[in-house]
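Step one of this worksheet: look at the structure below.
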Amino acid sequence: RFPTDGFLLLALLLYAPVGLCLLILRLFIGIHVFLVSCALTDSVLRRFIVRVMCSVLGLFVRQSDPRLRDVNVRVYIANHVTQFDHNVINLLTSCNTPALNGAPGFICWSRGFMELGVTGSRAELVDSLKVYSSHRENPPLLLFPEEAVTNGRAGLLRFSSWPFSILDVVQPVALQVQRPLITVSVADSSWITELVWTFFVPFTVYQVRWMPSVPRRAEELSEDFALRVQELLAMELGVVSTRLTAADKTEHMKRLRHTSLLPFAPASSQPLAARPRMPSSLTGVAPEDVRITAMAQRVKEVLPHVPLEVIRIDLAQTNCVDTTIANLLEGRVPFFPESKEAGTDLPAPSTSQAAAASGIQGSVAVPSSKPATKQFAKSPVERHLSLQERKRALYDYARR
């Protein structure tokens, strides 16, 4: 969340006393904004008053091409940057966002979500939203197909298809958020934490860009419709349209938490957790090249028979070690295996890694599901690493 640049970090430290005063003051003002928004009925006057009061809280909302907003469209599709995106867009036009996660009740209502009372499958939710959209007096729906918050600077998560099963015409909304000193959105951060940091910083600017409505093509599936809208939004935002889902993000956060909780062990007892050292020849190389090279070395340790250049090319596209390993294991990236002499300068692979390499090269030998260990380790850390090694061997055998 905090800046890595030394000058910006110093500026943040100097600003901290002012930010704390703003935080305390805006907490009291925020209560008044909440009471006013609850007392007034949904109208142009209410949106104008609340928008002006939000500017005192440091929330500034800008919109470009408001004439592109189609009053006949009943479903808005937007990218998800913060937990308050639906509140910001609601300051510009009347819309409702159904509550998908979290327990219903006062907190859900106070945050501006619409409760449908549907706790079943996505099919029941889609049916309920179809009934809601059939009544023209109801405000349009504002949906976030990413189903998870991102920072909005790298790429879009894969759009879920159920929002595109409601109606045949949707209108994309491109949302960008900027603020000084502090990162806008941090993974695994709660909405309360984001609200506190929003009150702390001098201002947060939400830029809303309305895009032309997109109709469904003849006999187009919902998955294809979602992919087409995702590509249009990615081009408008200037980011990458990825195939990563909200479930992938959740799994990634679990792995990060597990890694952070794993106790440190001596270098001699953690061959799987140790990272390769950076070669001295990389001094003076661009940081991006150094990062790719370090990631390539990690992949090379797992798959020593794969040429390093092939690994670097795929890493430049995926930017993820796990994805590159999966691509190489599943044959999506063609390559010619290196001989044993070519990889003599690399660290010796573990039992599971050697079994995976021999299996991919076409060997018919079946590795043992439980790699033999020299002795039962006394240290809990060593026993944990041995367990991880056996699990990886099972995964490699299952992939083959």
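Each of the peptides 310-316, 37-43, 56-62 was scored by the mean count of other Cβ atoms within 10 Å over its residues; in descending order, highest first, they stand as 310-316, 56-62, 37-43.
Accessible surface area normalised per residue over region 289-330 is 41 Å², counting heavy atoms of protein chains with a 1.4 Å rolling probe. A straight line joining the Cα centroids of region 292-311 and region 4-78 runs 46 Å.
How many percent of the alpha carbon pairs in region 133-258 exceed a separation of 27 Å? Of all Cα-Cα pairs in region 133-258, 28 percent lie more than 27 Å apart. Computed over the Cα atoms of region 289-330, the ratio of the radius of gyration to the Kirkwood radius (Rg/Rh) comes to 0.89.
Distance between the C-alpha centers of region 177-243 and region 132-149? Whole Å please. Between the Cα centre of region 177-243 and that of region 132-149, the gap is 16 Å.
Can you give the Kirkwood hydrodynamic radius of region 6-244 from its Cα pairs, in Å with one decimal? Hydrodynamic radius (Kirkwood, Cα only) of region 6-244 equals 18.9 Å. Remark: region 80-170 carries 45 Å² of accessible area per residue (probe radius 1.4 Å; ligands, DNA and RNA excluded). The largest accessible area among Trp210, Trp191 belongs to the first residue in Trp191, Trp210, and the rest follow in falling order (1.4 Å probe, all chains).
The largest-to-smallest principal axis extents of the Cα set in region 37-168 are 41, 37, 33 Å.
For region 201-223, list residues with backbone N below 18 Å from a point placed 7 Å from the Cα of Val56 toward its Cβ? Residues 201-204 fall inside that zone. The relative contact order of region 6-244 comes to 28 percent, based on Cα pairs under 8 Å that sit 6 or more residues apart.
The values are calculated or read from the model by the stated rules, or taken from the named source; none is laboratory data. None of these values were measured; they are calculated from a predicted model. Quick reminder, even Gly has a Cβ in these numbers, built from the backbone with ideal geometry, and neighbours come from all protein chains shown. All accessible areas refer to the heavy atoms of the entire protein, side chains included, with ligands and DNA or RNA removed. Shrake-Rupley method; radii C 1.70, N 1.55, O 1.52, S 1.80 Å.
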